[in-house]
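The values are calculated or read from the model by the stated rules, or taken from the named source; none is laboratory data. Here the structure is a predicted model, which is why all the values come from computation and not from measurement. When we count neighbours, we look across all protein chains shown, and the Cβ atoms used for this are built from the backbone with ideal geometry, even at glycine.
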Amino acid sequence: MGLTALVASLAVAALFGVPVSPAHAAGSFITLASTTSTEQSGLFKLLLPMYSKRTGVQVRVVALGTGQALDMARRGDADVVLVHDRVAEERFVAEGFGVRRQDVMYNDFVLLGPTTDSAQVAGGTDIVESLKKIALAQAPFVSRGDRSGTHAAELRLWKVAGLDSSTGRGTWYRETGSGMGPALNTASAMNAYLLADRGTWLSFKNQGQLRIVVEGDARLFNQYGVILVDPGRHVHVKRELSQQFIDWVVSAEGQAAIASYRIGGEQLFFPNARPP
Amino acid sequence: MNDLGQAFLQAVRLLGSADAELLAIVALSLQVSIAAVVIAALIGLPLGAAFTVTRFPARRALVVLCNSLMGLPPVVVGLLVYLLLSRAGPLGDYGLLFTPVAMVVAQTILIVPIVGALSHQVLESAWEEYREQLQSLGCGAWQAGVTLLWDARSALVTVLLAGLGRATAEVGAVMIVGGNIDGVTRVMTTAIALETSKGDLPLAFALGLILIALVLAMNACAYVIKEAAKSRYG
Amino acid sequence: MLPLRLEKVCITISGQQIIDGVSAVFEAGPRSIIIGPNGAGKSMLLRLCHGLVSPSSGHVQWSGESGSSSRQAMVFQRPVMLRRSALANVIYALAVASIPRAEREPRARAAMERAGLLSIAERPARVLSGGEQQRLALARAGALNPEVLFLDEPTANLDPGATREVEAVIQAIHEGGAKIIMTTHNLGQARRLGDEILFLNQGRLAEHSDAAAFFPKPRSAEANAFIRGELPWD
């Protein structure tokens with residue numbers, strides 16, 4: 001028993017001695033509330049180590065839907081917000097939770113669909129007409145239903161198409177209440193149509209029978225904004241460190257880093273910050 | 001079947017490569033779950049002993065409550081801990097949200113009922129055998145409790161393993177209170193959830209296989225220790 | 001502590017009268033053996049005297065200082081051993097009795113030697129044979145140097161050889177100054193070991209007399225019937 005106890009103690013000591021990551025040792029960090037689509041696109045994996053190396057500040061990303069990210073910031077659990085729903089972002093600032101909203105980058109949404117294309121929308125450039133066709137054909141359509149930026153955009157498009165009442169839709173419209181990835185998995189398995197942001201789609205590895213059927217419509221424009229959570233409202237917010245991060249993201253260096261992120265040679269995000 | 005085969009090969013490759021990020025995730029998973037089990041043992045084992053050897057008002061109600069809480073949905077616990085630790089919540093000033101400490105707290109809450117209820121069950125059988133003899137020798141409740149706990153140690157190790165299994169397998173609570181932050185609060189289960197979200201199913205499954213292998217290894221160690229103790233003490 | 005007086009004690013459990021108005025006095029000195037048919041309440045009466053069970057009515061009265069439990073000990077039909085070595089079991093009993101730490105091991109070894117168990121002191125107690133365990137239980141009880149030793153059918157599960165060994169240890173403890181109060185269903189054993197006999201039938205004390213008077217011819221009709229139904233053992 002003596003030897004066993006010794007081995008066990010050494011194992012425990014070794015286990016708890018393992019540093020979880022070098023970043024853990026660093027002291028300063030900020031908490032960034034962002035969206036699942038942005039994280040899953042892989043952009044942060046490129047951007048944040050670059051920033052950490054430059055400034056020694058770790059940026060900790062909690063990825064949720066846009067709505068949840070803003071709620072988290074309202075509770076004071078984040079220092080900075082980076083999401084893509086301009087209406088919600090401006091409301092956030094107007095309510096006094098955020099200091100200022102700035103554009104950072106944009107990309108676009110694409111309509112994905114199965115190769116069988118029962119609604120016959122492939123190749124189209126009019127998203128509203130395509131949605132009407134899908135509704136008419138009662139083709140399976142997966143919606144995120146999670147108050148995300150993507151979901152908000154989707155609802156706005158349905159409204160333009162004159163089909164904004166969710167009770168008026170039939171069983172062909174399926175709300176999964178989930179992030180972009182799980183919704184993509186579901187759509188892929190169901191061979192359903194789905195509105196997704198191009199970034200997540202390009203980096204998604206389970207594309208199955210889905211492909212892009214409609215793109216390029218100006219109404220599919222997807223703008224990302226960054227906001228400093230108001231330290232006046234939540235005293236814990238790390239004002240200097242957070243502002244430093246925001247300044248970097250909109251700076252020439254940060255914008256160039258964003259532009260440099262590609263998958264399969266294709267650029268995912270297009271920087272469009274205006275000089276302050 | 002192709003995906004599964006791919007996953008298996010990927011798991012082997014990942015283990016062999018000793019990828020630093022993977023090791024960090026594995027280490028954190030173990031640290032969080034083991035810490036939670038240790039704390040849960042410190043609370044749950046005495047609780048189980050108290051249920052067995054003492055009689056106090058509301059004891060039966062507490063036992064029923066403890067047994068029921070074994071079925072606590074992890075995501076609900078996650079939510080509860082989140083609301084407590086959020087800056088907007090009562091314990092917000094400690095800044096514990098999105099840290100491994102929050103994850104340990106959430107998992108401990110999940111495991112304490114398991115340890116309490118199952119150790120109570122184990123000790124009840126032992127108590128039936130030992131009660132009269134211990135009373136005859138003059139043991140008070142405290143002494144009887146400690147004696148029972150030590151004598152039933154083999155079965156209690158299994159109880160703790162059940163708690164450890166629950167902790168290592170759980171994803172809902174640690175996702176909410178940890179935030180699955182890359183390099184800080186990402187554990188095996190949340191990493192698997194993330195890779196699944198990204199559509200990389202073979203990688204997700206490969207991580208799953210590694211997680212299972214880890215749990216198997218821990219259980220095997222515990223088994224060996226129990227066998228050694230058995231031959232020594234009967 | 002002695003004499004021990006029982007005054008009209010009754011034990012009623014779920015409406016059933018297990019012990020029905022038993023009055024008796026146990027004096028220091030004679031070995032008292034309680035016999036009777038199955039279900040007569042012998043075990044219950046023993047537990048009542050030892051304090052493991054409280055009477056529903058009537059009194060259990062010790063004399064002088066109220067007996068502290070280390071002055072009594074009990075050996076049960078099935079020995080209860082902890083998961084540790086034989087020696088450690090005896091040391092445990094001494095620890096519970098608050099014997100100073102330095103005295104425990106020497107005293108335990110001495111008790112085991114008297115019981116002829118020193119050679120197996122380090123073996124796990126739970127792997128010992130039935131007879132060895134029962135002698136160990138006696139050594140444990142004897143180490144406490146009790147004023148009264150209760151035994152509940154101690155050799156019921158043992159073969160004749162082990163029975164003899166156990167009886168020898170009981171005798172040694174008696175000669176060391178302990179009062180023996182024992183139950184048995186073995187008339188031969190009662191005849192061998194008993195100085196006085198208490199005959200219990202359906203919860204009532206039907207007869208209480210010296211063994212020398214009882215065995216040739218009991219006074220009560222019930223006891224006579226009981227003895228006729230049994231073959232004398234030797």
**Item:** Pick from the stretch B:98-141, criterion within 21 Å of B:Val159 (Cα to Cα), of a type outside the set (Asp, Glu) and within 14 Å of chain C (Cβ to nearest Cβ), ranking: surrounded by the most Cβ atoms within 10 Å (Cβ to Cβ)
**Value:** B:Leu123
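So, in the stretch C:30-62, exactly how many residues are surrounded by 14 or more Cβ atoms within 10 Å (Cβ to Cβ) and part of a loop (DSSP other than H, G, I, E, B)?
From the stretch C:30-62, those surrounded by 14 or more Cβ atoms within 10 Å (Cβ to Cβ) are C:30-37, C:40-53, C:55, C:58, C:60, C:62; that's our starting set.
From what's left, part of a loop (DSSP other than H, G, I, E, B): C:30-31, C:36-37, C:40-41, C:51-53, C:55, C:62.
Residues in the stretch C:30-62 being surrounded by 14 or more Cβ atoms within 10 Å (Cβ to Cβ) and part of a loop (DSSP other than H, G, I, E, B): 11 in total.
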**Fill in**
So, first residue at negative phi in the stretch A:232-247, second residue β-branched (Val, Ile, Thr) and assigned to a loop (DSSP other than H, G, I, E, B), Cβ within less than 6 Å, six or more apart or across chains; the pairs are A:Leu241/A:Val57
**Prompt:** From the residues in the stretch A:70-87 that are away from chain B (no Cβ under 11 Å) and buried (at least 21 other Cβ atoms within 10 Å of the Cβ), which one is farthest from the chain's Cα centre (by Cα)?
**Reply:** A:Val80
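Filter the stretch A:101-121 for residues that are of a type in the set (Gly, Ala, Ser) and either surrounded by 19 or more Cβ atoms within 10 Å (Cβ to Cβ) or at pLDDT 90 or above (or both) and give the result.
Let us first name the residues in the stretch A:101-121 that are of a type in the set (Gly, Ala, Ser), namely A:113, A:118-119.
Within the stretch A:101-121, A:Gly113, A:Ala119 qualify.
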**Message:** Looking at A:Ala33 and the list (1) of a type outside the set (Val, Ile, Thr); (2) under 24 Å from A:Ala256 (Cβ atoms); (3) at pLDDT 95 or above; (4) touching a helix residue (DSSP H, G or I) at 6+ places or on another chain (Cβ under 7 Å), which single condition is not satisfied?
**Reply:** (2)
**Request:** For the stretch A:85-102, state whether one or more residues are hydrophobic (A, V, I, L, M, F, W, C), assigned to a strand (DSSP E or B), in contact with a helix residue (DSSP H, G or I) (Cβ under 8 Å, 6 or more places away or on another chain) and under 27 Å from B:Lys198 (Cβ atoms).
**Result:** no
**Prompt:** Of all residues in the stretch B:35-72 being out of contact with any Leu (no Cβ under 7 Å at 6 or more places or on another chain) and within 14 Å of chain A (Cβ to nearest Cβ), which is nearest to B:Val159 (Cα to Cα)?
**Reply:** B:Val38
**Request:** For the stretch A:208-251, enumerate the residues that are of a type outside the set (A, V, I, L, M, F, W, C), more than 23 Å from A:Asn107 (Cα to Cα) and not assigned by TED's automatic domain parsing to the domain that holds A:Asp197.
**Result:** A:Asp230, A:Pro231, A:Gly232, A:Arg233, A:His234, A:His236, A:Lys238, A:Arg239, A:Glu240, A:Ser242, A:Gln243, A:Gln244
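Specify which of the listed residues (B:Gly89, B:Gly95) is on the phi > 0 side of the Ramachandran plot, surrounded by fewer than 21 Cβ atoms within 10 Å (Cβ to Cβ) and within 12 Å of another protein chain (Cβ to nearest Cβ). Steps first, please.
Numbers: B:Gly89 fails: on the phi > 0 side of the Ramachandran plot.
The match here is B:Gly95.
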**The listed residue being crowded, with 17+ Cβ neighbours inside 10 Å, under 24 Å from B:Pro113 (Cα atoms) and without any contact (Cβ under 8 Å) to a residue 40 or more places away in the chain, out of B:Thr168, B:Thr190** = B:Thr190
